[in-house]
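The values are calculated or read from the model by the stated rules, or taken from the named source; none is laboratory data. Here the structure is a predicted model, which means the values were calculated and not measured. Virtual Cβ from ideal backbone geometry, glycine too; neighbours counted across all protein chains shown. Keep in mind that these areas ignore ligands, DNA and RNA; they rest on the heavy atoms of the full protein, side chains included. Shrake-Rupley method; radii C 1.70, N 1.55, O 1.52, S 1.80 Å.
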Amino acid sequence: MTTAERAPARPLAGPPAAAALLGEAARRAQALPTTPNLALVRVGEDPASVSYVKGKAKKAAEVGLRSQVHALPEHTTAAELLTLIHTLNANDDVHGILVQLPLPAHLDPQPALLALDPRKDVDGLHPVSTGLLWSAQPGLRPCTPAGVMALLAHYEVPVAGSRAVIVGRSVLVGRPMAALLLNASATVTVAHSRTPDLGAVTRDADLLIVAAGQAHLITPDMVKPGATVIDVGINRVPTGDGRGRLTGDVHPDVGLVAGALTPVPGGVGPMTVAQLLMNTVLAAERQHVEVHGELVR
Ligand code: NAD
């Protein structure tokens, strides 16, 4: 069959899948005796970080969770940031802590991430969370790749036994994505910027997940007909009016070859915040069980 004869790819829209995940988070939060509480830590006034933190707090309220924004000034020292994290760790009424990245240039994010109580690590980036993920033990998973898994489950995309290829090996997306897919019994390949003949690797994929941060890196000739393609990339491309437009790592014409494709924007993006709130509920549930024993749902 030529591409002209194929039906366009099924769009895997993020908002319905995110709404389902948020609904589940709200339901489970209500079953807890204490409303889950998320501490959002931001340092400085980076406009993107201000907007992300505001969006997370707003979404938390919509789902019926509590949150507080701890906005520290730009000149905050590493010791001051650690003091806040230790205070939040010790507060039994805080169930999840998120340190919004990037931090200002004078602050190394690693000590801040290492200082988090892993039980409250709702971003899933603490080495304890990473170790639990790679050893297939329960734990808090990084939000974007866990959100991709929730999206795949929502649209009933088969994962077990599939050939999955991930483009990108970042700590935030590519690596944890590989572990999650492996735990879900896919056969996993991770490609990256040093992979020769990327198309030969991606054409093998039943499930292609792209998180490279390169606009339109994946073209139709690089995709197996009928494959499911998940575009994690968010790139701002110039439009001439100075405002720019968001586009993914996957060329739109891939929709003529793939069996299913996530749009950008409106694909993986909404899943990330939904998963953060789900992680907050999971963290609160586990903390409740540690103190009071099993939950009755
Ligand atoms: P990153 O820059 O940390 O990592 C990019 C990875 O892609 C690297 O491992 C690199 O080896 C690989 N890569 C780069 N160019 C490549 C090429 N030409 N061929 C093959 N591999 C290549 O980025 P990241 O944090 O993983 O984010 C990736 C993209 O996903 C970005 O566009 C980012 O904005 C987006 N993102 C979206 C969400 C979301 O919620 N939708 C969340 C996080 C990241």
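What is the percent carbon and sulfur in the accessible area of region 146-215, measuring with a 1.4 Å probe over the protein chains and ignoring ligands?
The nonpolar share, carbon plus sulfur, comes to 51 percent.
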In whole percent, and with a 1.4 Å probe on the protein chains, what portion of the accessible area of region 34-116 is carbon and sulfur?
60 percent
Length-normalised contact order of region 34-116, Cα under 8 Å, at least 6 apart, in percent, tallies to 43 percent
If you project the alpha carbons of region 34-116 onto the principal axes, what extent comes out on each, in Å, largest first?
36, 29, 17
Round to the nearest 0.05 the FRET efficiency obtained for Q68 and D253 when R0 = 41 Å and r is the Cβ-Cβ distance.
0.35
So what is the relative contact order for region 142-268, in percent, with contacts set as C-alpha pairs under 8 Å and at least six apart?
22 percent
Return the Rg/Rh ratio of the chain with Cα-based radii and a Kirkwood Rh.
0.98
Please compute the per residue accessible area over region 170-297 with all protein chains in place, 1.4 Å probe, rounded to a whole number of Å².
45 Å²
Taking a probe of 1.4 Å, how large is the accessible area per residue of region 34-116, in Å²?
49 Å²
Relative contact order for the chain: what is it in percent, counting Cα pairs under 8 Å that are at least 6 residues apart?
23 percent
Please return the longest range in the chain lying between exposed loop sites, taking GluC sites (Glu not before Pro), DSSP loop only, at most 16 other beta-carbon atoms within 10 Å, and leaving the sites out.
157-293
